[in-house]
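Okay, so here's the structure we're looking at.
The values are calculated or read from the model by the stated rules, or taken from the named source; none is laboratory data. On a predicted model such as this, the values are computed, not experimentally measured, just so you know. Here the Cβ positions follow ideal geometry from the backbone for every residue, glycine too, while neighbour counts run over all protein chains shown. SASA here: full protein model, heavy atoms, side chains in, ligands and nucleic acids out. Shrake-Rupley method; radii C 1.70, N 1.55, O 1.52, S 1.80 Å.
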Amino acid sequence: MTVVLATVCKDGVVLGSDSQITDKGRGMTYPAEKLHPLGDLAAWGGSGARSVLTDVERCFNENSAAILEAPDIGRVLQEQVLPIMRHHYDTFITDVPGEEGGGTPSAYVMAAGWRDGEPWIIEITPSGMIGHYADIGFHAIGSGAPMAQQAGSLLSHFHLTERSLRFGCAAVLRVLRALDLTSPSVGEPFSLCRIDADGAHHLSDKDIEAVSKDVRRWEDAEQAAIGEIFD
């Protein structure tokens, strides 16, 4: 199971992901980075066929400036991703003896950034459709996306779009940890990226530990409030 999610805050966007890759054909899982830079000002994550996402990463690294400078970022992302998808779809062999259920070449791509004081979150689906989610304020891709969306809904009363990136990082980490508890194929280490007017900042292990401390203080405060009100 894979999950990559993004949430809008008042001063930027936060992306988060787990690190578990499932290889159905070989019946194994292994860790891998799912969040990647898109130039210095944005970031992206993917879910699905690793061969497709590897080609997407190479393409984005080579064309990040053109993508981020385009008037319509979604259209340019689509133009970059579609030829890669078509190539893999055209060369995919569906019936391989002894490899039934070995996966497909489909992949989801989600990129996010902050431009001219406004957030953007864009998804390219396996069929090449463009989805815009900045106005919604929260989006997730991957097989863990339905649970992430539900977790995001449960946090909606905190009004993330009105709060700081610091709070957004804590909220995203709480969602990832909730998924870790409910799914054996979502697991640490988790990746976080915060994007603001100064660009994309991929959090180090030390940075994520600082976010974890914020989460623990948040959880302790909730418990104290519950005890004060109901006990």
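Some points to look at:
- Selection within region 106-119 - part of a strand (DSSP E or B), over 17 Å from Ser47 (Cβ atoms) and touching a residue at least 60 places away in the same chain (Cβ under 8 Å): Gly113, Trp114, Arg115, Pro119
- Asp40 passes every criterion in (1) touching a residue at least 12 places away in the same chain (Cβ under 8 Å); (2) closer than 13 Å to Pro126 by Cα; (3) open to solvent by 60 Å² or more (accessible area, probe 1.4 Å) apart from (2).
- Qualifying residue in region 132-150 (condition: touching a His at 6+ places or on another chain (Cβ under 8 Å), more than 12 Å from Val8 (Cα to Cα) and modelled with pLDDT of 95 or more): no
- Long-range neighbours under 9 Å by Cβ, at least six apart or interchain, first residue aromatic (Phe, Trp, Tyr) within region 129-156, second open to solvent by 20 Å² or more (accessible area, probe 1.4 Å): Tyr133/Trp120; Phe138/Gln149; Phe138/Ser153; Phe138/Leu155; Phe138/Ser156; Phe138/Leu160; Phe138/Thr161
- Qualifying residue in region 158-179 (condition: hydroxyl-bearing (Ser, Thr, Tyr) and either assigned to a helix (DSSP H, G or I) or without any contact (Cβ under 8 Å) to a residue 12 or more places away in the chain (or both)): yes
- Thr91 being surrounded by fewer than 19 Cβ atoms within 10 Å (Cβ to Cβ), over 14 Å from Gly46 (Cβ atoms) and among the hydroxyl-bearing types (Ser, Thr, Tyr): yes
- Matching option when the condition is of a type outside the set (A, V, I, L, M) and in a helix (DSSP H, G or I), among Glu188, Glu222: Glu222
To keep it simple, each residue is scored yes or no on (1) in a loop (DSSP other than H, G, I, E, B); (2) among the small types (Gly, Ala, Ser); (3) touching an Asp or Glu at 6+ places or on another chain (Cβ under 7 Å); (4) closer than 21 Å to Phe190 by Cβ.
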residue	(1), (2), (3), (4)
Gly74	no, yes, no, no
Leu77	no, no, no, no
Gln80	no, no, no, no
Met85	no, no, no, no
Pro97	yes, no, no, no
Thr104	yes, no, no, no
Glu123	no, no, no, yes
Gly128	yes, yes, no, no
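- Test: residue in region 147-155 that is buried (at least 16 other Cβ atoms within 10 Å of the Cβ) and part of a strand (DSSP E or B): no
- Test result for Leu165, touching a Lys or Arg at 6+ places or on another chain (Cβ under 8 Å), over 24 Å from Pro37 (Cα atoms) and surrounded by 12 or more Cβ atoms within 10 Å (Cβ to Cβ): no
- Residues of region 200-231 classified as within 17 Å of the chain's Cα centre (by Cα), of a type in the set (Gly, Ala, Ser) and surrounded by 11 or more Cβ atoms within 10 Å (Cβ to Cβ), total: 1
- Residues of region 126-178 satisfying the condition of being β-branched (Val, Ile, Thr) and closer than 30 Å to Ile84 by Cβ: Ile130, Ile136, Ile141, Val172, Val175
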